[in-house]
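Let me begin by presenting the structure, written as structure tokens, before commenting on it.
The values are calculated or read from the model by the stated rules, or taken from the named source; none is laboratory data. Computed from a predicted model, the values in this text were never measured in an experiment. Here the Cβ is made from the backbone with ideal geometry for all residues, glycine too, and neighbour counts use every protein chain on show.
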Amino acid sequence: MAIIVICLFYGIPIFFVGLTLGGVGIVLVSSVLYKFSSYTFFEFINLFNNIYGELGTFSFSAFLLLIWVKFVEKRPFSELGFSTKFKRTLWSLIKGWSIGFILFSISVITAYILGGLDFHSYDVSKATIFYVVTLLPFWLIQSGTEELLTRGWLLPLINHRFHLAVAIGVSSTLFGILHLVNAHVTFLSIVSIICSGVLMSLYMIKSGNIWSVAALHGAWNFSQGNLYGIAVSGQKVGASLLHFTVKENAPDWISGGAFGIEGSLISIFVLLAAIIYLLWLIKTEETD
């Protein structure tokens, strides 16, 4: 019961109130970007309408959570996994981003080899490069907010009251539940997202740094949508450098279907392999 109260009355309201207030922030950010771009007004709106409206608002959820922790719980931000050391933070971002990119690339390459995906073309036009580059920090904000809520805040909160395994299970399941409203959701896609939640939880435990987990998550989503051109959890996110599509008549368990690679068994196996490896690393450190 205590777990349900924590999730319903604290975590979820903070998340959705932040999304609502985020509209103000996205208008300001979009205005600045439009001012310094070479696009006409309608070209700019068409380019950024969906993705920035969805991603930019996450920063306000993070802001509300930080206010809550600082002034209500009266805890330092370091307890959420933040580091004030620049070199450590930079290395955490680079390492996490690299891991996320590698894991998703393995999934794409495997799906392509097994006949689940087709490669059509690439796009390195100025408009696409501009879009992709300026989107990088927003993927970090979007992923960072989800990680801050579920792994930085909720995971240790539940762990303090219950067993660590319960904390990992609950926070990862909540992570999966938040994606139930996504388009083209399937049983496999939810299992895959819960597995990714377990992976992020273990990586948070291993690194002790929220920047690492946010970067891993951000790189996974960025690679999925804006590098390979695959739907991110059932949603198309605009321009991409490469264009992979689901191969005609390919089974969803290989291609992921309309949900994207995350809806495939391939993604689940890749995540499970990473989970097993992380468990081994954590166990090895405990015995040293």
**Q.** Residue satisfying condition, being free of Cβ contacts under 8 Å to residues at least 12 places away in the same chain, among the polar types (S, T, N, Q) and either over 24 Å from PHE77 (Cα atoms) or surrounded by fewer than 19 Cβ atoms within 10 Å (Cβ to Cβ) (or both), within set ASN221, ASN182, ASN226, ASN249
**A.** ASN249
Q: Go through the range 56-72 and count every residue that is under 17 Å from ARG151 (Cα atoms) and in a loop (DSSP other than H, G, I, E, B).
A: 0
(Q) For the condition surrounded by fewer than 24 Cβ atoms within 10 Å (Cβ to Cβ) and touching an Asp or Glu at 6+ places or on another chain (Cβ under 8 Å), what is the one hit in PHE244, PHE269, PHE187? (A) PHE244
Q: Consider TYR277 carefully, then state whether it is part of a helix (DSSP H, G or I), more than 13 Å from the chain's Cα centre (by Cα) and surrounded by 22 or more Cβ atoms within 10 Å (Cβ to Cβ).
A: no
Q. Would you call PRO137 out of contact with any Lys or Arg (no Cβ under 7 Å at 6 or more places or on another chain) and without any contact (Cβ under 8 Å) to a residue 12 or more places away in the chain?
A. yes
Q | Unique match (being of a type in the set (A, V, I, L, M, F, W, C), at pLDDT below 90 and in contact with a Ser or Thr (Cβ under 8 Å, 6 or more places away or on another chain)) among ILE141, ILE158 | A | ILE141
